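Have a look at the structure below, then the notes.
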Amino acid sequence: MRRNGSVVVMKFGLLGIVFVLLSLLVSHLQSEEGMFPVSDIYALNLMEKGLEISPTDIYNPDGICLVDGICRVNGCTGSFVSPEGLIITNHHCAYRAIQNASTADNDLLANGFSAPDRAAGIPSAGYGVRITESYGDVAAKVLSVVKAEMTFTERTKAIERRRKELEKQAEAANPAIRAEVAEMFAGKTYVLFEYTFIRDVRLVFAPPSSVGNFGGDVDNWEWPRHTGDFSFMRAYVAADGSSAEYSPDNVPYQPKKHIKVDPRGVAANDFVFLLGYPGRTARHKTAAFLAYEEGVRLPFIVDLYQWQIALMEEMGLEDRAVALKHSSRMRSLANVEKRSRGQLKGLKRAQITAGRAAQEAQLQAFIESDPQRSQNYGNVLQEIAQGYADVGNTADYELTISNLNNASRALYFAWLIYDAAMERQKPDLERESAYMERNVARTMQRLKLAAKDWHPETDQAMLQGMIERLSGVTFPADAVVDKATLLADLNALSDDVIAAKWNDPDFIDALLKKSPAELSNSDDPFIQVMAKLHPEYSRLRELGKQRSGKMDKLYGSLIEVKQDFLKTQFVPDANGTLRMTFGRVEGYSPEDAVIKTPITTLSGVIDKTTGVTPFQTPQRIVDLYGAKDFGPFALPGKEDLAVAILYSTDTTGGNSGSPILNAKGNLVGVNFDRAFEATINDFAWNQSYSRSIGVDIRYALWITGKVFGAEHLLREMGVSSQ
Ligand code: ASP
């Protein structure tokens, strides 16, 4: 990492002590909990806990460090494992690229892919790789635009605008970087991150899904696990080293640092740490939020997604080409559906909402013990609770209508096109971020990639299902669409789905050039319905801004008073920015009399193999297993191979693909999941059940080199399967 001239890299520790983790109101910070901003790690006494390198080898704002070898790969994490831009990440992170390159006749999802040489790498449209270069506090600059007299909506908009302005300014000052202002504590702290952003990313190696997704949804979020969830990609830049769109003339990116792979793997009890880009957690939210999640949103998602997954599955049963179109979407819905069930179970079982309410009662007593405090903060918790109650009142309607234009892809395409046209009318800084000049090309690329997978028959069934759901929902009085009219429009539209032209990129391109007025006059039935429905989506967007303006302000106050109450170190919720977490390779006991050990083996893969998806195993693996041919990767003293590992780090979505690093900072595995009980991590972490799951590097190397013969990749990483 470098120190950027204009941006002073700050230590979160200074601000960190200002804030207190809500869930720890009355307890102490457990050593293993925390997705720490990397500038916080010096205070963690990591060497006492097992780290055998200096924390400055991990993060050093003034020199080369491990952080320079970590990247964000779309919503996942990856590590550079060679000086030539080779990235290891998860199979499920490269899934969209693998799917996109697959056809029924050349089915890379089913068969896997291995590029024999550099030229054969497959360009992965829609992929981008970011490397954090620097970050610095911009809270004062962001919050300077907030005025006391502002309405909540004005407040949100002013902060949004200011964040965009700072991002544009940073990019203008240094055109080689991408900038992003991240909110660390709602309404309180903002940090400007600067990234190198690489746009030419290619698929290099992916095992077949029978390895990369072994166990499928049955085993997802479960331990014991036997999935080889890894893949290799490569980052490319223009010959002068600058970031460029795909070109055959581009050259491999040379990272400042690459992570050394340790083919000896790990053993139980080893110290490990992860670097990565965890997506979202809600550890600082109140009991009222958890009650909303438990009572309203999570059950809604489980019910909606179960229906959508079953529908897509059925549509693809007879036709692999259709199944391929649905595969990424189905997989991500199934992932969220099962996670949501895990969270529901965890919220109930661990009494997390009640526990948090009890902590809040203590905080409230503290507030009321002082008249001045009481005057400043006395109503904060209650107002937050009221906010969630208000959301809950119209949630059924809002969740259904907002999922309408996602479930029906045709409506989603129409919405995006119409929304883009409306936003284009505004000055750049006033636009929703997706449509700003710096982002719009990528947004449109996403639209076209999604359109490529459009399947009319599935979409018609989705629309009909959503119409049924909407008809059972009460529309709020302030909705600007009339229920009967909308349902009639949607019913008529459902007859138009099969003949629609969303598969045709020229049709989409033509629509993308039109103004809102031209779109309203267009004869496309989807655009016509969207022209009527869009004002309602705009109303909901404004409502969202009003609510977050209010909540951010309230949460800002809550944090202030908690600081006063708790006076302890505290870590911001995950927000897609670079973090470090540490723990040990260790098992756990999920229920009475059950003990789970932390390393699975190839014997377990063979035991689970039934020959029926998702428990198929390539014959070559079975044969090599029979011959006990594990090369140098065998488990010490055993005729077996480690496959997956379990460890007590603090992770969430976005940590997918994170390197599992040993005490010396070498890569011993790739994180890809959590145990079922640990789905609750997003709300609360607990040493007794929060466990992350990764693929053991020995398995990844064996599969790549021994099984699929990509020995050149092993050589590139400085290892060999012989
Ligand atoms: N498998 C998970 C995901 O992709 C990773 C995690 O959330 O821990 O969401």
> For the chain, with only Lys/Arg (+1) and Asp/Glu (-1) charged at the beta-carbon, what is the dipole magnitude about the Cα centre, in debye rounded to 20?
Replying inline: 1320
> All other residues with a Cβ under 14 Å from the Cβ of residue 104 taken together, and with Lys, Arg as +1 and Asp, Glu as -1, what is their net charge?
Replying inline: -3
>> Could you list 592, 506, 200 so that the one with the fewest beta carbons within 10 Å of its beta carbon is first and the one with the most is last?
In response: 592, 506, 200
> What percent does the relative contact order of the stretch 228-285 come to when contacts are Cα pairs within less than 8 Å and at least six residues apart?
Replying inline: 21
>> Along the charge dipole of the chain, pointing to its positive end and built from +1/-1 on Cβ of Lys, Arg, Asp and Glu, which listed residue (507, 295, 530) has its Cα farthest out?
In response: 295
>> I'd like to compare 171-177, 290-296: which one has the highest average count of other Cβ atoms within 10 Å, and what's the full order after that?
In response: 290-296, 171-177
> Which Cys residues of the chain have no other Cys Cβ less than 4.7 Å away and so no disulfide-compatible partner by this rule?
Replying inline: 65, 71
> To the nearest 20 debye, what is the magnitude of the charge dipole of the stretch 296-435 about its Cα centre, counting +1 on the Cβ of each Lys and Arg and -1 on the Cβ of each Asp and Glu?
Replying inline: 640
>> Using a 10 Å cut-off around each Cβ, can you sort 415, 223 from fewest to most neighbouring Cβ atoms?
In response: 415, 223
> Under the definition of Cα pairs under 8 Å and six or more residues apart, what whole-number percent is the relative contact order of the chain?
Replying inline: 24
>> Based only on other Cβ atoms within 10 Å, what is the fewest-to-most ordering of 701, 578, 487, 344?
In response: 487, 344, 701, 578
> Using a cut-off of 12 Å between alpha-carbon atoms, which aspartates and glutamates can reach residue 260, once sequence neighbours fewer than 8 places away in the same chain are excluded?
Replying inline: 716
> What is the spin-label model distance, in nm, from residue 487 to residue 238 if the labels are put 7 Å beyond Cα along the C-beta direction?
Replying inline: 5.7
> Along the charge dipole of the stretch 263-389, Cβ charges K/R +1 and D/E -1, which of 311, 353, 335 sits furthest on the positive end?
Replying inline: 335
> Which one of 186, 323, 405 has its Cα pushed farthest toward the positive end of the charge dipole of the chain, where Lys and Arg give +1 and Asp and Glu give -1 at the Cβ?
Replying inline: 186
> What are the ³J(HN,Hα) values, in whole Hz, obtained from phi via the Karplus relation 6.51 cos²θ - 1.76 cosθ + 1.60 with θ = phi - 60°, for each residue of the stretch 326-337 in sequence order, with x given for Gly and Pro?
Replying inline: 7, 4, 5, 5, 4, 5, 6, 5, 4, 4, 6, 4
> Treating the beta-carbon of each Lys and Arg as +1 and of each Asp and Glu as -1, no other charges, what is the dipole magnitude of the stretch 245-290 about its Cα centre, to the nearest 20 debye?
Replying inline: 320
> What is the local net charge at residue 320, summed over the other residues whose Cβ is closer than 12 Å to its Cβ (Lys, Arg +1; Asp, Glu -1)?
Replying inline: -3
> Of 164/426; 448/501; 426/550; 168/257; 338/596; 514/545, which sit over 18 Å apart, Cα to Cα?
Replying inline: 426/550; 168/257; 338/596; 514/545
> Over the stretch 269-427, what number does the Rg to Rh ratio reach, with both radii from the alpha-carbon atoms and Rh per Kirkwood?
Replying inline: 1.09
>> Cross-link candidates for residue 513: which aspartates and glutamates have Cα within less than 14 Å, leaving aside residues fewer than 8 places away along the same chain?
In response: 419, 423
>> Can you tell me which lysines have their Cα less than 16 Å from the Cα of residue 483? Leave out same-chain residues fewer than eight positions away.
In response: 532
> Using Cα pairs under 8 angstrom and six or more residues apart, how large is the relative contact order of the stretch 536-627, in percent?
Replying inline: 10
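Bear in mind these aren't lab numbers, they're just calculated from the coordinates by the rules spelled out. Predicted, not measured: the structure shown is a model, and the values here were computed from it. Note: ideal-geometry Cβ built from the backbone for every residue, glycine included; neighbour counts use all protein chains shown.
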